[in-house]
Amino acid sequence: MQKVYLDNAATTHMHEEVIQEMVNAMRFNFGNPSSSHFFGRESKGYIEKARKTIAQYTGVTSAEIIFTSGGTEANNLILRSSVEYLGVERIITTRIEHSCVAETVNSLNKNQNIQVDYVNLNDKGEIDLEDLQQLLKASDKKTIVSIMHANNEIGNLNPIEKIGDLAHAHNAYYHSDMVQTLGHYAINLENLPVDFASSSAHKFHGPKGTGFAYIKKSTGLKAQITGGGQERNMRSGTENVHGILGLGKAFEMANENLEKDMDYIFALKEYAIQELQSAFPDIHFNGMCATENSLYTLLSLSLPFKDGLIGFELDLRGIACSQGSACQSGAAKSSRVLNEILSKDMIASTTPLRISFSTHNKKEDIDYLLSVLKEISARHSATA
Ligand code: PLP
């Protein structure tokens, strides 16, 4: 059976070079980076090299890059630690953040009495900056704004410079979940009004279970995981040496090939938009995903018919895509993000689908998806 992978916002294939880097690390760099003998020092040296690579591409110092088990841990570290150590009493966020931010904010609200304010969004999921300003003005409580760079379900790219400038003008911190953008765009963190950010290797052809938090030096954030004081005392636990080396290699490759990969993937996305529009003139593209204010890697569709089993049907035909984020799609629950921005009528009469691309995709993948979607749609017309 033909197999087509169009779920790259959930995770990506690992690059062969990354796998090779990790295999070498597993084979030869088994020393505990905390050991003072040669084997330990060598592992430690490679970790610091990976950190330096990431710091150089993002324009920050090595001390500001903390390796974690991925985006979820980085976001937890930043939000929970800002409450515990920076005196944060209020979080301003949106209702369409990734669940690792949304659930952490809920937990801080419930268990630590942290005030949570949600910024208004329009029906495209765009942030109301005027409302953000009003919220920032409305309280003297120490505040952190947590608004993602790009939405993993609808692809919206948020105006992080404006958000960060507003936050700082009101003496608030700014945290941005950059899991869908670091490794996909040239991002100089030093030049952005961002205090904290998160990244995840498996979104840019690196290994799962590795990522990093960017923590601006001057903020004074402290560890959530305590123990032997690894990661400059910011995250204890023996380092995942091969994972970190894989992350470093993947980040280097992503940044070296950025423009070429972007052009290739963007052309695929344009092709998909054009073909989908011609096959389904009433199709709705959710959020800003069919505009330039969107990830070039992702398309979020509402197909103009209702089919609760479409994910299952596509899977049977060898097509992997998603109906929400990967974390929500295990059980085919309706998307929290789409429920937030789309009308009840739209939700009731359409079928959501998220397709997301990488350099491993070809136009033929889109042609195959289209052919299967047309068959499904034809069946619906015949029974209507
Ligand atoms: N934030 C966003 C926007 C994501 O898309 C994801 C992954 O789906 C995460 C956070 C979680 O990252 P990880 O899988 O590394 O925990």
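Calculate for the chain the 222 nm mean residue ellipticity that helices alone would give, adding -39,500 (n - 2.57) per DSSP H run of length 4 or more and normalising by residue count, nearest 500 deg cm²/dmol.
-13500 deg cm²/dmol
How big is the Rg/Rh ratio for the chain, C-alpha atoms only, Rh by Kirkwood, two decimals?
Ratio of gyration radius to Kirkwood radius: 0.99.
Students often get this wrong, so check it: of Lys110/Lys162; Lys52/Lys217; Lys3/Lys363; Lys52/Lys216; Lys208/Lys362; Lys260/Lys363, which have C-alpha atoms separated by over 19 Å?
Lys110/Lys162; Lys208/Lys362
List Glu21, Glu259, Glu275, Glu153 from most exposed to least, where exposure is judged by having the fewest other Cβ atoms within 10 Å.
Glu259, Glu275, Glu21, Glu153
Report the full-extension gain for the segment Lys222 to Asp345: residue separation times 0.36 nm, less the Cα-Cα distance, to one decimal in nm.
Gain on stretching Lys222 to Asp345: 39.6 nm.
Taking the Cβ of Gly237 as the center, what net charge do the other residues with Cβ under 11 Å away carry, scoring Lys and Arg +1 and Asp and Glu -1?
The answer is -2.
Between Ser371 and Arg27, what is the FRET efficiency for a Förster distance of 41 Å, r being their Cβ-Cβ separation, to the nearest 0.05?
Taking R0 as 41 Å, the efficiency between Ser371 and Arg27 is 0.40.
I'd like the orientation of helix 258-279 relative to the chain: the angle between its Cα long axis and the longest Cα principal axis, in ° from 0 to 90, rounded to 10.
The angle comes out near 20 degrees.
Using DSSP, restrict attention to beta bridges with both residues in segment 16-256 and report what percent are antiparallel, rounded to the nearest 5.
Given both bridge residues lie in segment 16-256, the antiparallel proportion sits at roughly 40 percent.
Computed from the coordinates by the stated procedures, all read-outs in this text should not be read as laboratory data. Not measured: the values here are computed from a predicted model. Glycine also receives a Cβ, built like all others from the backbone with ideal geometry; neighbour counts cover every protein chain displayed.
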